[in-house]
Every structure is written in C-alpha cells, then in structure tokens.
Amino acid sequence: AYADVRHRLERTGASPRVTVWSLVSLAIFREEFDVAFAFLDEAAHLIDNPFLVDEPDGPCPMPEGWRVAFYRGTLHAQRGEFAQARDALDAAHAISAEPDSANNLGIALAQCGDPPSGRTCFALALAMRPEYLDARLNLESESPNRITTHPLRRLRARADYAA
C-alpha cells in the first residue's frame, strides 16, 4: 500500500521530496494515473524554486519544475489527453531542453495534428542522446506512440560499469 511505502521511506530518513517522487514513480509503474496525479500535486506543493535541482548527484539531476511538468505531461499522454500533455511537456522543455521531454512532446504534437513538429522533436531528442530508442522508433513511425514514462538516467547505470 502507498501508506506503507511512505512510512518505510520516512522511517529510513528519506526527505519528503524523495518520498513523494518515489510514490509518483510507483503509481506510474502500477498504471494508477489518478493516484500518480495526486502524488504529483503533492510534489509540486513541496517546490519553492522550480529551477532547484534537489538531487544534483542523483540519477536524474533535473530541476524540480521540469520533473513536475515532465510527469504531468507524460501522465496526460498516457491517458490520451494530448492537448494537456503538449502544454505540460512544452513547459518542461522550456525549463530544460531534455531528450525525454522532447520525445514525449513530439508524441503530443503528432497526436494533436502536427506530425512535422513531432518529428522535429524526435530528431532533437536523438541529437541530444543518439542511442535513445524511443525517439528513434518514433521518428521512423507513421504513428509515434513510444512514451518515455520516467526521466532518462543522466548518470551511468550498473550495466555500464564494465565498460
């Protein structure tokens, strides 16, 4: 249960921001979008400065405002609400131009009737991160639908350590 997860995180000393972002992520993995939106609203209320990078050494050192806008747009896209997704992802991309927000913005634009602008976003995402599979598949598709549900890691993953 979410209350149990919250309690365990708080008991280990996780900050309120880390706790609520963990709950947002869990709700998205469970595809419980209404719950994810509620936790996202809670996260937004914890932000004093949208340009603050709360975890600069974390796997996704992004401004908190970008995270809120990215997740809000992504959740709207997952629910098929592409006009709302476009607006939120455009706001995320304005805070920080990132490949994952560009990819998801491209989907929203294409679904709102502007495939050329969508392809431009996919190409931008690939220029920033050439190995980005979702963006490459969306760029090649007549009907792009590869939503990136969570921010891409900016730090190396364990699978990269051997290299």
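The values are calculated or read from the model by the stated rules, or taken from the named source; none is laboratory data. Everything numeric here is computed off the predicted structure, so don't read it as measured data. With ideal geometry, Cβ positions are generated from the backbone for all residues, glycine too; neighbour counts draw on all protein chains shown. The protein model used for the area step is the full one, side chains on, heavy atoms only, and it has no ligands, DNA or RNA in it. Shrake-Rupley method; radii C 1.70, N 1.55, O 1.52, S 1.80 Å.
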By residue number, the members of the stretch 33-59 that are at pLDDT below 95 and among the acidic types (Asp, Glu) are 48, 54, 55, 57
Test residue 86 against the criterion of being open to solvent by 30 Å² or more (accessible area, probe 1.4 Å) and over 24 Å from residue 138 (Cβ atoms), and give yes or no.
no
Give the residues of the stretch 1-18 that are assigned to a helix (DSSP H, G or I) and at pLDDT below 95, sorted by residue number.
16, 17, 18
Can you tell which of 46, 23 is on the phi < 0 side of the Ramachandran plot, of a type in the set (A, V, I, L, M) and open to solvent by 50 Å² or more (accessible area, probe 1.4 Å)?
46
